[in-house]
Structure formats: C-alpha cells, structure tokens
1. Answer with a single label: of (i) 1.13; (ii) 1.07; (iii) 0.97, which was calculated as Cα Rg over 2.2 N^0.38 Å from the structure in view?
2. Taking a ≥ b ≥ c as the square roots of the Cα gyration tensor eigenvalues, with a/c under 1.5 meaning rounded and otherwise prolate when a/b beats b/c, else oblate, which class fits segment 181-261?
3. Over the chain, with every protein chain in place, what whole percent of the accessible area is carbon and sulfur at 1.4 Å, could you tell me?
4. Just order 219-230, 334-345 by mean Cβ neighbour count inside 10 Å, highest at the front, would you?
5. If 424, 54, 119 are ordered by their accessible area, calculated over protein heavy atoms with a 1.4 Å probe, which sequence runs from highest to lowest?
6. Among 404-416, 536-548, how do they line up by average Cβ neighbours within 10 Å per residue, starting with the highest?
7. Please work out whether segment 78-133 counts as rounded, prolate or oblate from its C-alpha gyration tensor, where a ≥ b ≥ c are the square roots of the eigenvalues and a/c under 1.5 means rounded, while otherwise a/b larger than b/c means prolate and anything else oblate?
8. Treat each spin label as a single point 7 Å out from the Cα along the C-beta direction, and report the residue 612 to residue 99 distance in nm.
Amino acid sequence: MTKHLDVITIGRSSVDLYGAQVGGRLEDMGSFAKYIGGSPTNIACGTARLGLRSAVITRVGDEHMGRFIREQLAREGVCTDGVVTDPDRLTALVLLGIRDKEQFPLIFYRENCADMALSEGDIDEDLIASARALLPTGTHLSHPRTEAAVLKALRLARQHGVKTALDIDYRPNLWGVAGHGDGESRFVESAAVTAKLQSHLHFFDLIVGTEEEFHIAGGSTDTIAALRAVRAVSDATLVCKRGAAGAVAFSGAIPDRLEEGESGPGFPIEVFNVLGAGDGFFSGLMKGWLDGADWPTALKYANACGAFAVSRHGCTPAYPSLAELEFFLKRGVLRPDLRNDAALEQIHWSTNRARNHGPDWDDYRIFAFDHRLQLEEMAGYTPERGAAFKELCLEAALAVQDGRAGYGILCDDRIGRRALHAASGTGLWVGRPAEWPGSRPLTLEPALGPDCGGLATWARGNVVKVLCFCHPDDAESLWADQIATVRRLFTSARRNGLEFLLEVIPSKVGAVNEQTTAQVIDRFYREGIYPDWWKLEPLTTRAAWANAIAAIETHDRHTRGIVVLGLDAPEDALAGSFATAAQFPLVKGFAVGRTIFGDVARRWFAGECDDAQAVAEMRARYARLCSVWDKARLRAVAAA
C-alpha cells in the first residue's frame with residue numbers, strides 16, 4: 001500500500017491554557033494563552049513543521065475546544081482523519097504555568113475526557129497501513145479501553161510493515177498514582193505501572209524517555225539497570241533524554257556508562273520553559289529517524305528542537321519549521337535566550353505564520369471599506385447610518401466570496417464594528433486599520449492606547465493595517481517620529497500574535513520615480529520593521545515594481561506579499577495597473593475601496609438608493625474588479 005503518511009501519533013489531545021505571567025504561582029495567574037496540547041498532538045504538529053506528513057488518532061469533544069483542536073491541527077498541516085468527535089465527553093484541558101526553569105505548576109482536567117474514550121473501533125486499518133511509522137504515548141496504556149485501541153494499532157502496524165515508536169510520557173497522576181495537585185510530578189514508583197509497560201515494550205522499534213521514564217519502564221531508579229531491564233524485553237533502539245546533558249541512543253547491549261551510547265551535539269541555551277521540550281525533541285528525532293539519518297544526526301535534530309521548546313512560551317507554538325531548524329543549525333547560537341534572537345524569531349514567525357493565521361493564497365481580492373473620514377464628510381452621514389452602510393458592504397463582499405478562498409475585507413472598528421465582528425469566521429481575510437485617518441505625522445486610533453495595548457483585545461484573525469504617509473525626502477525628524485510610531489504598533493502586533501500590514505503612498509507626499517517606493521520599503525526594514533504585508537499604490541512601470549520587490553526580498557524572503565490599493569481610480573485605470581502588477585508573483589492581489597463603494601455611499605446616504613440596490617451595485621463592482629484581476633493574473637502566467 002502506498003505510504004501517504006510518515007507518522008501517526010496516538011493518544012492525548014487537549015487545550016493547553018498557559019499562564020501568561022511568568023515567575024508567579026498558578027493561583028496568581030491573571031490571563032492565559034490558549035494552545036493545542038497533549039504529547040501525541042504536539043509531536044504530530046512538531047513533525048509536520050519539519051516537513052513530515054503526520055496524523056493523530058485521538059478524540060475531541062463536540063464543542064468549541066474540540067473544534068479549536070481540529071481547526072488548529074488542520075492549520076498545522078496535520079491529517080485529522082483519525083480524530084473522532086465524541087458526542088458525550090468534553091475535550092481535555094490543562095492549566096499550566098512557568099514558575100522558573102525547574103518548576104511548572106500544572107493541573108490536568110481529564111476526568112472522563114474525550115481522548116480517554118478512544119476505543120478499538122476508532123482504529124482504522126487503512127489509516128495505519130498508510131503510514132511509515134506509528135507513535136503511541138504511554139498514557140494511553142493506563143486504561144483498558146485506550147490500551148486496547150493502542151494494541152490494535154500496534155498489531156496492525158506489524159502486519160503492514162509500519163515502524164513503531166513509544167514515547168513513555170510518564171505522568172504519575174494520569175496513571176492514578178499521584179493526586180490532582182501533582183500534575184508537575186514526573187516520577188512515582190509503581191510496580192503496577194512498570195509491569196504494564198513491560199508487557200508491551202516488545203511491540204516497539206524505538207523507545208524514548210527521560211531517565212525517570214526509563215526508571216518506571218525498567219523498574220529501577222538506577223538508570224543503567226533500568227535500561228537493561230527494558231532491553232531484556234525489547235530489541236528497540238532506546239533513546240534516553242538527559243536534560244542539559246543531551247541524549248544518548250543504544251541500539252544494542254546497554255554499556256556500563258550512559259556516556260558510551262551514541263550522542264549528538266547539544267546547544268548551550270537558557271532554559272525558560274521545560275514543558276513540551278520532550279515532544280519537540282521527539283519531533284526532531286522522528287525527522288532524523290524517518291529520513292534514514294544516523295543516530296548522532298537524528299539526536300542533533302532532536303536536541304535542537306528541544307532547545308527551541310525550552311526557550312519559548314507554549315509547547316506546539318515553540319517548535320521550529322524546517323527552514324528555521326536549518327537556519328539555526330547552520331548559524332549556531334548567538335544568544336542563549338532564543339526567543340530574544342531577532343533574526344531567529346523573524347524566521348520562526350514568518351515560516352510558521354500560516355499555522356496561526358491561515359494558508360497563503362495565490363491571490364487576494366480585498367474589498368476595502370475601512371474608510372472613516374471619507375464617509376463622515378458625506379451628506380446624510382451619522383454614526384449609526386455609517387455602521388449600517390458598512391454592514392451592506394460586508395453583505396456585498398460575502399456575496400462575491402460565496403465561500404471561496406482568496407477574498408477579504410478591510411474594515412474599521414470605530415464605524416464598522418458590527419460588520420467587523422460579523423466577518424469573523426466567514427473565511428474572509430480581515431484587515432483592520434490602526435491609524436487616525438489622514439494623520440501626518442502618523443497618529444494612531446486613540447482606542448489603541450499610548451502603548452498600543454488595545455491590540456490585546458483584537459480578534460486573532462484581524463490583520464493590523466497602518467497607513468503611513470512618508471517619502472524618502474522627508475526630514476529626518478519626521479522620519480524618526482513616524483518610525484517610532486510604526487515600530488511601537490509593529491512590536492505590539494507581534495506580541496499579540498497579529499499579522500501586520502504597512503501601507504505607504506509616497507505620491508501623496510512628493511514627486512516619485514522608479515526608486516521612490518523601494519527606498520521607503522528599505523528604510524522601514526533597516527529600522528527593524530518587518531511587515532507581513534505591504535499595501536502599495538499602483539506603480540506605473542515594471543522597473544518600479546521590480547525595485548520595490550527587490551527591496552522586500554533583500555530583507556525578507558518569507559513575506560506574505562503585496563496588495564495594490566486603488567486610490568479611487570476608475571475601473572479602466574485599475575485594469576491597467578493590475579495588468580502590470582499581476583506579472584509579479586509577490587503581488588498577491590488588490591485592496592480597493594472607493595472605486596467599489598464611493599458613488600453608492602453618496603447616493604445611499606442621500607436616500608437615492610435603498611439597501612438592496614446598494615448591495616447589488618457594490619457586489620457587481622467588486623465582482624468585476626475580481627474578474628479584472630483574475631484575467632490579468634492568467635495573462636501574466638501564460639506569458640511567463
């Protein structure tokens with residue numbers, strides 16, 4: 001059978017609520033970050049980030065948290081064919097905190113949770129047979145029902161030539177040998193647990209655990225003795241994780257000293273968060289193992305992925321992409337606190353961005369109705385009528401989108417709040433302005449606050465958009481003022497996990513040539529500002545576009561791309577600008593507003609057309625622009 005998958009993990013799947021305040025007690029946490037969690041789920045995501053085709057077999061509840069896990073797995077590129085929705089049980093939750101590099105208060109909310117209802121009926125033979133490797137974790141050997149499911153999967157793996165790996169993943173309280181308040185505990189002796197594990201170790205080709213986990217698997221607190229006890233019942237390669245001392249692999253007999261095993265290079269980094277480090281380690285190890293690397297190389301990958309995990313907040317969000325791992329291994333450690341390494345964090349953000357904010361589309365057709373000043377100046381405008389009109393704009397956008405990918409809106413919160421909130425979950429790309437309309441030097445919307453802390457309340461799917469009127473010939477004092485404001489907003493956007501779009505229109509400030517926009521772009525990058533998106537005015541020549549794109553790609557090979565603004569140009573003029581822009585793949589589409597809604601808004605506020613007429617006309621105009629862009633792109637692709 002064709003192997004469509006590289007690895008399938010089996011077991012826990014939960015929502016991790018990570019305390020945002022580092023260094024305090026869990027009792028004192030005031031806010032939490034929400035991530036997917038559970039060792040098998042983490043490993044499935046970690047391996048997917050490294051380019052392996054992964055899947056997870058688990059159960060989730062039929063509620064918001066279960067849907068969150070499904071959706072996030074899909075964003076991570078993990079196959080969800082083995083994820084079963086349990087109609088009767090809730091998705092597991094875990095509350096965690098980071099006290100220091102050794103203490104991590106943790107509470108498991110797993111009483112009769114969905115993933116512990118996994119049963120033999122949830123194991124699909126075709127799915128197992130389609131994989132190169134199967135990786136259960138130890139927790140699911142702790143209950144007869146989940147144990148039966150794991151054993152069925154392991155027997156099917158043997159029948160279909162699938163490699164098998166075990167993450168011992170010993171959590172004493174999940175085996176019932178420690179209390180609810182002991183979620184942090186990693187070792188409690190138990191003859192019953194040892195016996196259960198040893199009865200199944202013969203199924204595996206690879207067994208991975210910490211020294212404490214091998215102590216429970218081997219029934220001895222002497223690590224060498226424990227490893228030898230495991231070897232007595234299993235021919236698997238044993239990989240023993242030793243924290244700061246790295247890890248060692250034993251393919252044959254266990255020597256007298258751990259140091260005599262095969263090892264890979266470690267990395268001198270600061271330990272910030274030990275939670276999830278083992279899952280990151282196993283992700284890197286699986287990458288090396290399934291790629292056919294020798295154990296020192298596989299352990300190098302594993303140690304590097306573990307280093308990322310211990311240096312960042314969260315588990316799955318901390319794991320590297322393949323591009324990030326390769327960059328790190330080539331360049332090395334410049335500072336031990338990896339989360340504060342600017343170059344590394346930029347690659348981490350940009351190469352994992354689709355896993356948090358959705359995939360890259362080839363084309364973006366954005367209806368921009370984030371305008372505020374232009375509406376407020378129209379006869380008949382009131383705040384309530386302005387809000388109603390923006391809901392009509394959204395209705396027109398959704399009618400054109402019709403459930404398809406590649407469509408979006410720009411909408412503000414001040415006038416368009418109802419439309420903005422209604423757009424959430426529709427599949428539209430959603431951008432939201434942060435600037436005070438028309439300001440130069442740049443001023444931000446007051447609701448953001450002086451430190452841009454207001455971004456903490458924005459929906460995660462909103463893209464922070466800011467328009468900065470600037471020109472290469474501006475005085476240095478003006479540049480300094482505007483750069484400081486943009487940097488403050490950009491920094492806050494990153495801190496809050498929001499994508500950032502920077503719009504510049506040099507022609508509104510001074511004379512322009514084929515280098516002007518490129519010079520503006522270069523200046524922002526040199527100031528440490530890395531937009532996910534650029535919104536640029538229509539450039540009139542291929543040379544101007546080529547210069548702008550070169551300025552972007554010199555600094556950032558992973559940017560989302562460029563969208564072209566409209567500047568209230570008539571449709572035929574936009575058709576000409578689209579024809580030039582569409583020749584460049586980095587130009588992803590358009591973000592046009594007044595060309596679509598301008599005339600309609602004036603007549604609607606004046607009472608000269610009703611809601612249905614307004615929607616119909618905006619829908620027709622938006623659809624025509626989409627068609628113009630699509631035809632321009634097709635011609636460009638054909639010509640190339």
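The values are calculated or read from the model by the stated rules, or taken from the named source; none is laboratory data. Fair warning: this is a prediction, and the values are worked out from it, not measured in the lab. Ideal geometry is used to build each Cβ from the backbone, glycine not excepted, and the neighbour counts take in all protein chains shown. Protein only, heavy atoms only, side chains kept; ligands, DNA and RNA dropped before computing areas. Shrake-Rupley method; radii C 1.70, N 1.55, O 1.52, S 1.80 Å.
1. Among (i) 1.13; (ii) 1.07; (iii) 0.97, the one calculated here is (ii).
2. It comes out oblate by the Cα gyration axes.
3. 50 percent
4. Result, highest mean Cβ count within 10 Å first: 219-230, 334-345.
5. Ranked list, largest accessible area first: 424, 119, 54.
6. Order by mean packing, descending: 404-416, 536-548.
7. oblate
8. Result for the modelled spin labels: 6.6 nm.
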